[in-house]
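Heads up: the structure comes next, in structure tokens.
The values are calculated or read from the model by the stated rules, or taken from the named source; none is laboratory data. This is a predicted model, so every value here is computed, not measured. A quick note on method: Cβ atoms are made from the backbone with ideal geometry, for glycine too, and the neighbour counts reach across all protein chains shown.
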Amino acid sequence: MKIADVMTPDLETVSPNDTLRTAARLMADVESGALAVGEDSRLIGTITGHDIAMHVAAEGLDPGKTTVGEAMSSDVLYCFESESVEEVSEKMRGWWVRRLPVVSPDKRLIGTVSLGDLTSLKGQPRTKPRSRRAPGRSGRESRAIRRAPAAA
């Protein structure tokens, strides 16, 4: 199965000329901690809530005047629409990210894929879940945490 089959096609983006305040408001509106930065429909970077906090709070910049282009990361992670779900899952696991922009071969933004998109696949073969028990521990032993009675 290809990422194009499971991605969310609607992608909220900001321009490098938008202000950090505009980006922060859009993040709040769409309940996301990161946005793709696009120019002429092409992915050129990402901006995160952390990026905004560092530039506004740590550097004392005005969010109404500082642009996304000044704070964004241009070293952006993404996946291609033609990649398999398995390939993208491995990328996300290796990069420790929860969502990725999806681009066409010429890097035009076409959507986004999240861990939720990947984990909600129905009818897909699932791997056997790992046991959470410690080695050598039987399932019948109590795992409850005992608390000492409170002193009077």
Query raised in the report: Taking into account only those residues within the range 77-101 that are crowded, with 17+ Cβ neighbours inside 10 Å and of a type in the set (A, V, I, L, M), which is nearest to LYS2 (Cα to Cα)?
Result: VAL85
Query raised in the report: Among the residues of the range 40-70, which ones are loosely packed, with under 15 Cβ neighbours inside 10 Å and closer than 21 Å to VAL102 by Cβ?
Result: ASP40, SER41, ARG42
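Return yes or no: is LEU100 within 24 Å of VAL14 (Cα to Cα) and modelled with pLDDT of 90 or more? Walk me through it before giving the result.
Numbers: within 24 Å of VAL14 (Cα to Cα): yes; modelled with pLDDT of 90 or more: yes.
Yes: the conditions hold for LEU100.
With respect to ALA58, is the statement that it is among the small types (Gly, Ala, Ser) and within 20 Å of VAL113 (Cα to Cα) true? Working first, answer last.
Numbers: among the small types (Gly, Ala, Ser): yes; within 20 Å of VAL113 (Cα to Cα): no.
The answer is no for ALA58.
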Report summary line: Reported set for the range 1-32 where residues are out of contact with any Leu (no Cβ under 8 Å at 6 or more places or on another chain), surrounded by fewer than 15 Cβ atoms within 10 Å (Cβ to Cβ), farther than 14 Å from GLU70 by Cα and not charged (D, E, K, R) is THR8, PRO9, ALA28, VAL30
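Would you confirm, using the coordinates I've provided, whether ARG108 is of a type outside the set (A, V, I, L, M) and either free of Cβ contacts under 8 Å to residues at least 40 places away in the same chain or surrounded by 15 or more Cβ atoms within 10 Å (Cβ to Cβ) (or both)?
On the way: of a type outside the set (A, V, I, L, M): yes; either free of Cβ contacts under 8 Å to residues at least 40 places away in the same chain or surrounded by 15 or more Cβ atoms within 10 Å (Cβ to Cβ) (or both): no.
Considered against the rule, which asks whether it is of a type outside the set (A, V, I, L, M) and either free of Cβ contacts under 8 Å to residues at least 40 places away in the same chain or surrounded by 15 or more Cβ atoms within 10 Å (Cβ to Cβ) (or both), ARG108 comes out as no.
Does GLY60 satisfy the criteria of being under 20 Å from SER15 (Cβ atoms) and either at pLDDT 95 or above or not in a strand (DSSP E or B) (or both)?
Numbers: under 20 Å from SER15 (Cβ atoms): no; either at pLDDT 95 or above or not in a strand (DSSP E or B) (or both): yes.
So GLY60 does not fit the description; no.
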Report task. For the range 70-77, state whether one or more residues are part of a strand (DSSP E or B), over 12 Å from THR13 (Cβ atoms), within 17 Å of the chain's Cα centre (by Cα) and at pLDDT 95 or above. Result -> no
Query raised in the report: Would you call THR22 among the β-branched types (Val, Ile, Thr) and over 15 Å from the mean Cα position of the chain (by Cα)?
Result: yes
Query raised in the report: Looking only at the range 1-39, which residues are over 19 Å from VAL103 (Cα atoms) and not in a loop (DSSP other than H, G, I, E, B)?
Result: THR19, LEU20, ARG21, THR22, ALA23, ALA24, ARG25, LEU26, MET27, ALA28, ASP29, VAL30
